[in-house]
Each structure stands twice: as structure tokens, then as C-alpha cells.
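Participant: Quick one: the structure is below, questions incoming.
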Amino acid sequence: MPRRRRMSIPAAVAAAATVTALLGAPPGALALTSFAWEIADRGAVTALDVTSTFHTEIINTGTVSDTYTVSLVADLPTTWLTTMCDVSLCYPPFITTLQYTVAPGDTLYIGVNLTPMLEMGAGTSTVTVASLVAPALDRTTVFTVLTAGPQVLVVGAGATGQAQPVVDAVTAGGRTCVLWDRQVAGRLAAAELGNFPAVIWDGADEPDVLDAIDRAALAAYVAGGGRLLAAGADLVGGLVDPSSPFHDPEAAGWFATVLGTAWVGPAAAATEVSGLPGDPIAAGLVLAIDGNGVNAAPDVLAAQGGVPCLAFAGGQTAGVRRQAADSRTLCLGFGCAGFDPAGDRELFLGAALDWLLGNVTATGVPAAGRRLSAAPNPFNPRTRISFETRSRTAGSLAVFDLRGRRVRTLFDGALGAGAIEIDWDGRDDNGRPLPGGTYVAHLALAGEPAAKLKLTLAQ
Amino acid sequence: MSHRLLDWTRSRVPRQLDLRAPGRRAPALAPVSAIVALATLAAGCGRVAPHYEPATLTVTSTPPGAAVHLDGRDTGLLTPATLAGVTPVRHLVRVDLAEWHADPDSVAIDLSPLETATVDFQLFQTGLRVTSEPAGARILVGGDDTGKVTPAVVAGLSPGTHHVSLTLDTWLCVPASLAVEVEEGLIAEVTTADLRLRSRRTVLLESFGNVNCPTCPQAAANLVAVTGREGFGPDRALFLEFSVNWPSPVDPFYLANPTENADRFMHYFVVGAPAIYVNGRLQTYPLVADSTAADAAGRWATDPGFLVDVEADLAAGASVPVTVTLTPLADVDLTGCVLYVALYENEVDLGAPPGNNGQSVFHHMFRDRVDVPPALGALSAGQPDVRVVSLNRGTVSPGNGTVVAFVQRAADRVVLQAGSSACPVPVTAARLAEDR
């Protein structure tokens, strides 16, 4: 069985590592320059106006005194604030560089403070410790803070940046979303996860990711009613396959208990998945998954307490959903960033989040007020889009192309209660006929999650 | 006026050891001698005992019958009394007779081996007892130094009116002198309520903290401890705590008045919290209480030549009327200075820490200040400059607020003088000159 690709250990993971350098020294003696940077935590999810303080200690583990320059670079929403403290003083935000001489064996305390204010979102403070004696020892750590409030938390568990397409797709679908880079920001506690109605854990193939601590936090999140989508090529196999260097004998039980999933083996040359008939998430969908290079070696899954919902082209199970009394989970044997084109990614994630968040029942019937359909579909030149509202409300109905661009606004304003029908003539807002292809109707009603419907304009 | 009536003589006599006990309480001498001898032996234990010959001390008084105290211990003898076998070193002799007072209170005498010395005390029933806060002030009667320091009895005064005053370095006597009627056979009392010592300089400690600053609670606790120390009364040192907006930009004390808190920390260009400014100068070690105390005490020696007194009616309503009086003790030019008037909340107990540094009880938290501190000019001796302003009390309860005022030189930010409504008795120019 071929083993999957493995990525190198990111520098941030080695933040507590000790690095040494040998320096010129008098004959018969070697001066050793080294320091250890101990960091308790690298990320937090907080409410607005709550300051997170990340405690770190820089220990001169060498044999000579060294001077450390500690510098701070902020990447924050404009109203947020980040500062540093040492053992005796806290410095204002405009002081971003501090310098200390530390004797061998001594410890330098540095606290990094980050406060989200006024606007929700994510921010990072990047701290670099530079050794004056041995610049090769320089180390950088990123500290991350997210605010509670967005509907969806995407935990990028793969390589940095790999999950950004997932975030973009969720956002394009009309949901608020924020990204947590697991490699950079570290672990999340169950309480932190609990700030988000839905969590997408996306990516695999990294050491120390989805380890026992991560799994315990996710299990607690799901047990508390959380909605979890876990996706990634080799996500399951990497931990369950006995030949994997990251094999964890405890993992198979976790996948079964929390995600209703078992690992079967790697999927060979799987480039496409399709929704199983009658599935509330993906029935009728056929989607390519070979985008962004994230799905070189997907996992074939099996339901173990859950229900298969997606299949690879050969009919092997690619996705399993599980519904318990208060929670819903969805496990995919491939990464969500692989959905290609972007419109399909948005389409699938929209449907998946609709189901996870309870907007679509397990039997596939849209909840009251959310029923969205079109007839004919495929169509040319005209289709009628229908939906229902529970009561008088406000909303909009728009059409997007698969690149996420809004091409036509069909309605934006007040709506009465009951059945609504709106025609679309296959033209954009300027009256130009649109080329044949797939489009997405996007219905947004006040106070409700958005609903989407795939429309096919025939040539 | 001098009342040094001590008349004692001493003379050398041939070497002798007289253990007899003259006087009415002869039997008591033996134990005294034994104690002296035992103490001497004990002192020499473990080393070679010094060889000396004891001295003899006679203590007399007019009138006689006073109890004799040697080195703080009652000898059990009454004057006139002779103590033989006394160790030839320095001794402190005092007598005590009910309703009589000696002048001086006690005498220090250096005895040589084999020496016979006499100490004679004149006792009086007419005089003046003077106390002060702080103690240690020299007592002047009729403008003459009596040689006594408070608390003390100035004995031997003649009946009649005497003008009493106190002098103590870095302190001012208010009023400048006090007329006291001394009656025959009585000891008149002059208390701290009659003659008050007012510091010539009140030092201002300004602190800058934040509820998320890990070391700020220590700095705040130090200020409470320092200003609570012996000798640090409200007219000696006062402190005022401002809030910076880092690490927590949502510090509740900062947010209660962000403009004026920020104005103050920007005024000093504060670049680290906690920070303590002593009379406008950054204290190097804000976490070391002794350092802050020494810094403050070191500034008392500089007399700015004027006083600041504050009267505030915090019960008047949300708007607090404040009268600040600048009393020049000499001509003083305050051009280039401003008068800063502020209100602080004495103690705030939030029940739970509002930040992550664990501090939930806060002291002397800045709440409001006069929006535009008035500029000052030249002051002439004896002509006070009175300013009437108002402050916003906000939610501060009347009993939990204090108004401070201080004069700060704009050019170098040095605080020249400060005062607060916590001072018990304002010192007006009229009161300063008063002679009661």
C-alpha cells in the first residue's frame, strides 16, 4: 500500500526547540550560544474587548551572555491592539522592538497581548526573537486571536494557506467565516470551538495534528451539539493506517464514535465524487475534487454508525454523514479545497453547512420557509424559481456564476408570507444573454441561513 | 529664655569601694549594686573582663523626695540619694516627682573610675507641655529656643502670657506662634490642635497602570504602603492613579475618562506601565517601595515658597465646587506654571478583577480634572491666589472622593507644590499669620 506524501515540520511547530551554535572561543574552550523559547499557547478565540495574553519565556541555554532583540509585527483589523510586556513593564503599542541581555541560565519573560476591538475577525501578532551573538538562532512565532461570532470556523489543519479556498467558498455562500491555521496558531480547546455553530476541520498530512488532544476537543465540541465537517486526503488513513508514521491506535475508535466513519484504504486516482441518491446534502451533484493539488491520495471510507453520502467514481464511499440527537457530522475522505471549480466548492459547502446546521432535514426536505426550487431546470431561455416564506420578511434572490460573481439580482426587498415565484430569463443585470453553463441561485432571507440552488442554462 | 538650672559637680577621690547604702532606702542599694555587678560580669562573659574601679553618684533635687532613675530604670531610691559602685561609663539620670517637672528632664553624665559626682535637679510646678505631629520639633518660647524638642515639658516658666512656636526642618508652624497663659503651679498644654506642623512641600506621586499589566498591582500596593508610612501624612505625600490603554484598551478606569487619562500619560510620554512619577520625574524603580519612598522624602527639603490648599464640597452634588488657595510664603513667580485640579476615588472594590492581572481593589483612581488647567503668574508674599473651579464627581460617592491640586511647571513638568482636600486643616495666609 503506497504511503502518502509527508510534509516537513514547520518552523512554528519547533518553537520550543533549542538551537545551538558554536562560536569562536579561546583555545581549549568552546562558547556555546543557544536559547530555548517556551510558549504556552499560540492562539485563542475570544469575545470582543477581551485581551488574550500569550506567555513566553526565552531561556539562555548557552554558556555566554547574549542579547536578544524581540520584535513584534501586527497583522490586525485596524481597531485591534497588540502589545508586549516583560517581567516588569508593559509597553504601549508603538513600541514594537525590545532588547535584553540575558546571562547564561537566565530567563527572559515576554508576554504578547492581543485585544480584538469593535470589529470581529482574526488577527495575528508575529514575534521574532533575534540573537545578537548568533543571528542564525533567530526564531519567529505567530500568535493568533479570533473573535467569536462568525457562523463557521475553518480549521486549516494542512499546510498554511491550503484552507483559504474553503474559507472563500463559505464566505461566498453568504456565511460569516473565519480561518484558524492549526499549524501556526496551535490547538483550540473545546470551549473555544464552542463559539462557532459549525467547524470545518480541513486538511491532513501533518504531524501532531488531530492528535489525541485535538480529538478530545472535537469530541467534546460535537458532544455539546457542535456541527463538524472533517475533511482531508489521508485525514483518516494517516491516523488509522498501521503503516502510517502517524498511526495512532486510538484514532479508529474516535472516527467511529464521533464521525461514524471507518477507514478502508487509499482511493486510487479519484478525481470526482458524486452525491448518493436521496442524500440531503449532495444528491444529484457530480463534483471534481482534483483542484488545488490537495487530493493526491484521498481516503476510501466506510460508514460505521454513519450514513454514506458521497462516492468516488468507482462507487467507493468518499463521505459519511452522521446525525445524533443534538449533533451532526460529516467526514470526507478528501480535502474541500479540491472541489473545482470554485463554484462547485461553494455549492457543496453551502449544502453541507445547510445540513450540518439543520436547515435541511435528514430526509432531504427543505425546512419551512426555505424551500427553493426551479422549473424547468436545465432551462433555456427561462426558468421559474420558487420558494416559501413563513412570514413577512426581507430578502434577496440573486444568481452567481461558478466563479462566485453575482451576475443577476432578481429581487432585493420586502417579501410577503407564502409562496414566492420569480422568473429568470438567463440574462445578466445588463440584459445580456449569459452563456450556457451552471449558475447558482442564492436566496437570502432575513434572519435565516442562505439557501442555494444549482441552475443549468442549456446551450 | 533659659531655664537650665542644673548644678552638678564631680570630683576625683582616692580609690575606694563603698558598698554601704546611705539614704532612707539603704537596703535597696545592695540589689542595685549586685545587678550592676552581674550585668558587668555578663557583659564580659566569654572574654577577658576589663579592670575598672567603680564610681559614686549622688542625685539631689529641689524639692527632695523624687524617685531616681538611672539609665531608664527606677533605682528605688529617692532624692537625695547616693549610688556607690556605679560602673564608670556614661549614664542617664532622671528624677520623677508627681506634679513636678524637672528642667532638664534628664542628665547624661560620664563617670570616670573612682569618681564621685553629684547631679542636682530643680523641680517646677509651673510650665508648658508641648506635643506635635510629627514629634521632634524644637520648642521656642518668646522666640527663644528652649533646647527642648516635642514632646516635652518646658518647666520653670514664670506665670503670665508666653508666645510659643515650633521649628522643624521642612515643616511650617501654623499659626506662626501661639499665645499661652501659664498659671502658677500648673502645666499648660499645647497640643497638635493648637500648633500644627504643616509640611512645606507636599510631594505628588502619579502612577500609571492598567488592569492587564501584570506588575501594576504591585506598584499600586507600594503606593498605598508608602503613603501610609510613618511621616507620610496627606500633606507630605499624596498619590493619584491614572490608567493607560495598554495592554488592555478596555481598562474600565481608562474608559471612564479616556480623554483625560490619555492626556496625562501623553503629557509624560509614558512608555511603560507601571510608571510612577514623583513630582513630575519618572521613578526608576516603580516596583521598589523603598525607592519610591526615598525619592519622595528627598523632595521635602526643597521649599517651593508657597502652599496649596484645597477645600471641596463633595456632598454638594454631581458638580463639586472646589476652592484652591495658593498661599505664598515669600514672593514667588509661577509664570509658566499651571494649576492642575483633579478628583480621585479613594477606593474602588470591583469584587472581581476587571482584567487579567488579578487586581480587584483600586486606590486613588483618577476620575476627573479641570478641563483647562489655569495658568499662574507671580505671587506676592502674604497675598494668596484663590481659584474656584468645579469638578464632575460622577458616580463617586461623596465620602469616597478626594480633590487634589498641584502646580506644575510646563517647561520641565516639575511639580512644585501639591495639596489635597484630605489635609485636615487648610493653611490660609490669615491663619498662618495668626497669633492666638
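Please treat every number below as a calculation from the coordinates, not as lab data. Note that the coordinates shown come from a computational prediction; the quantities given were computed from them, not determined experimentally. Cβ sites come from the backbone with ideal geometry, for glycine too, and all protein chains shown count toward neighbours.
Participant: Considering only DSSP beta bridges whose two residues both sit in chain A, what percent are antiparallel, to the nearest 5? List each step's numbers first, then the result.
Facilitator: Details: 104 of 130 bridges.
Approximately 80 percent, going by the DSSP bridge assignments.
Participant: Oh, and also: With label points built 7 Å along Cα→Cβ from the Cα atoms of A:Thr97 and B:Thr131, find their separation and express it in nm.
Facilitator: Label at A:Thr97, label at B:Thr131, 6.3 nm between them.
Participant: Turning to a different aspect of this structure: List the residue ranges in chain B for DSSP H helices whose C-alpha atoms run 18 angstrom or more along the long axis and whose Kyte-Doolittle average is 0.0 or above.
Facilitator: Helix filter hits for chain B: B:29-44.
Participant: Just want to confirm a number: the relative contact order over chain A, from Cα pairs under 8 angstrom separated by 6+ residues, in percent.
Facilitator: Contact order relative to length: 10 percent.
Participant: Explain nothing, just compute: Karplus ³J(HN,Hα) = 6.51 cos²θ - 1.76 cosθ + 1.60, θ = phi - 60°, for every residue of the stretch B:158-175 in order, whole Hz, x for Gly and Pro.
Facilitator: After applying 6.51 cos²θ - 1.76 cosθ + 1.60, I find 7, x, x, 8, 10, 9, 10, 8, 10, 10, 8, 4, 6, 10, 10, 8, 10, x Hz.
Participant: If you scale each eigenvalue of the Cα gyration tensor by 5 and take the root, what three semi-axes come out for the stretch A:149-356, rounded to whole angstrom and sorted largest first?
Facilitator: Ellipsoid semi-axes (Å, largest first): 21, 20, 17.
Participant: Remind me, relative contact order of the stretch B:203-433 in percent, using alpha carbon pairs under 8 angstrom and six or more residues apart?
Facilitator: The normalised contact order for the stretch B:203-433 reaches 25 percent.
Participant: So if we plug the beta-carbon distance of A:Asn377 and A:Asn430 into 1/(1 + (r/R0)^6) with R0 = 25 Å, what FRET efficiency do we get, rounded to 0.05?
Facilitator: Step by step, r from the Cβ atoms, then E = 0.60.
Participant: Then there is this: Which whole-number percentage describes the relative contact order of the stretch A:372-457, with Cα contacts under 8 Å and a sequence gap of 6 or more?
Facilitator: Relative contact order comes out at 34 percent.
Participant: Using a 10 Å cut-off around each Cβ of peptide B:210-218, what is the average number of partner chain Cβ atoms that fall inside?
Facilitator: For this peptide, the per-residue mean of nearby foreign Cβ atoms is 5.
Participant: Also, quick follow-up: Where the centre of each part is set by its Cα atoms, how far does the stretch A:155-194 sit from the stretch A:102-134, in angstrom?
Facilitator: 23
Participant: Going by amide H atoms built from the backbone, whose H comes under 5 Å of the H on B:Val119, apart from near neighbours?
Facilitator: Amide H to amide H, under 5 Å and 5 or more residues apart or across chains, B:Val119 pairs with B:Thr58, B:Val59, B:Thr60.
Participant: Moving to a separate point now. Going through the stretch A:83-126, which chymotrypsin sites (Phe, Trp or Tyr not before Pro) have at most 13 other Cβ atoms within 10 Å and a DSSP loop state?
Facilitator: A:Phe94
Participant: Return the percentage of antiparallel bridges among DSSP beta bridges fully within the protein assembly as shown, rounded to the nearest 5 %. Please list the in-between numbers first.
Facilitator: Values: 191 of 237 bridges.
Once the DSSP bridges in the protein assembly as shown are tallied, antiparallel ones form about 80 percent.
Participant: Pull up all non-local amide H partners of B:Thr126: gap of 5 or more, or a different chain, and H-to-H distance under 5 Å with H placed in the peptide plane.
Facilitator: Distant-sequence amide H within range of B:Thr126: B:Gly156, B:Gly185.
Participant: So for chain B, considering every pair of alpha-carbon atoms, how many percent are separated by more than 28 Å? Walk me through the intermediate numbers first.
Facilitator: Working: 58030 of 94830 pairs.
In whole percent, the share of Cα-Cα pairs in chain B beyond 28 Å is 61.
Participant: Another question, if that's okay. Please check which bits of the stretch B:221-240 a label hung off B:Asp349 would reach, taking the label as a point 7 Å along Cα-to-C-beta and the cut-off as backbone N under 18 Å.
Facilitator: B:221, B:224-225
Participant: Turning to a different aspect of this structure: Out of residues 5 or more away from A:Met117 or on other chains, whose amide H comes under 5 Å of its own, with H placed 1.01 Å from N in the peptide plane?
Facilitator: Under 5 Å from the amide H of A:Met117: A:Asp49, A:Trp80, A:Leu81.
Participant: Run lengths n ≥ 4 of DSSP H only: what is the helix-derived mean residue ellipticity at 222 nm for chain B, with -39500 (n - 2.57) per run over all residues, to the nearest 500?
Facilitator: -4000 deg cm²/dmol
Participant: Pull up the DSSP beta bridges for the stretch B:127-285 and report the antiparallel fraction as a percent, rounded to 5.
Facilitator: Of the beta bridges lying entirely in the stretch B:127-285, close to 70 percent run antiparallel.
Participant: Can you compute the FRET efficiency between B:Glu311 and B:Thr335 using 1/(1 + (r/R0)^6), with r the Cβ-Cβ distance and R0 = 25 Å? Round to the nearest 0.05.
Facilitator: With a Förster radius of 25 Å, E is 0.50.
Participant: Using R₀ = 45 Å, calculate the FRET efficiency as 1/(1 + (r/R₀)^6) where r is the Cβ-Cβ separation of A:Gln459 and A:Ala324; round to 0.05.
Facilitator: It comes to 0.50.
Participant: Follow-up question, since we're still on this one. Enumerate the calculated ³J(HN,Hα) couplings along the stretch B:408-414 in order (Karplus 6.51 cos²θ - 1.76 cosθ + 1.60, θ = phi - 60°), each rounded to whole Hz, writing x wherever the residue is Gly or Pro.
Facilitator: Karplus-based 3J(HN,Hα) across the stretch B:408-414 equals 10, 7, 5, 4, 10, 6, 6 Hz.
Participant: If Rh is defined by the Kirkwood formula over all Cα pairs and Rg also comes from Cα, what ratio Rg/Rh do you get for the stretch B:216-337? If you can, show how the numbers build up before the last one.
Facilitator: Numbers: Rg = 16.4 Å, Rh = 16.7 Å.
So for the stretch B:216-337, dividing Rg by the Kirkwood Rh gives 0.99.
Participant: What nm distance separates the two modelled labels at A:Ala190 and B:Ala108, each placed 7 Å from Cα along Cα→Cβ?
Facilitator: Using points 7 Å along Cα→Cβ, the separation is 7.6 nm.
Participant: Kindly provide log₁₀ I(q)/I(0) values, in the same order as q = 0.22 Å⁻¹, from the Debye equation applied to equal alpha-carbon scatterers of the stretch B:109-239.
Facilitator: Log10 of I(q)/I(0), two decimals: -1.19.
Participant: Of the options A:Pro93, B:Phe124, A:Leu276, report the single residue whose Cα projects farthest towards the positive end of the charge dipole of the protein assembly as shown (beta-carbon charges: Lys, Arg +1; Asp, Glu -1).
Facilitator: Going by the charge dipole, the pick is A:Leu276.
Participant: Per-residue HN-Hα couplings for the stretch B:81-91, Karplus 6.51 cos²θ - 1.76 cosθ + 1.60 at θ = phi - 60°, whole Hz, x for Gly and Pro?
Facilitator: 9, 10, 10, 9, x, 7, 4, x, 9, 6, 10
Participant: Starting from 0.36 nm per residue, how many nanometres of slack lie between A:Tyr109 and A:Ser243 once their C-alpha separation is accounted for? Please report the intermediate quantities before stating the final value.
Facilitator: Working: separation 134, 0.36 × 134 = 48.24 nm, distance 4.22 nm.
44.0 nm is the gain from fully extending A:Tyr109 to A:Ser243.
Participant: Would you mind finding the longest exposed-site-free stretch of chain A, with exposed trypsin sites (Lys or Arg not before Pro) meaning DSSP loop and at most 13 other Cβ atoms within 10 Å?
Facilitator: Longest site-free region, per DSSP loop and neighbour criteria: A:6-381.
Participant: Need the C-alpha centroid separation for the stretch B:284-337 versus the stretch A:228-244, integer Å.
Facilitator: The stretch B:284-337 and the stretch A:228-244 have Cα centres spaced 71 Å from each other.
Participant: On a 0 to 90 degree scale, rounded to 10, what angle separates helix A:212-223 from the longest Cα axis of chain A?
Facilitator: With rounding to tens, the tilt is 40 degrees.
Participant: Say a site is exposed when it is one of the GluC sites (Glu not before Pro), sits in a DSSP loop, and has at most 13 other Cβ atoms within 10 Å; what is then the longest site-free stretch of chain B?
Facilitator: Longest stretch, sites excluded: B:231-433.
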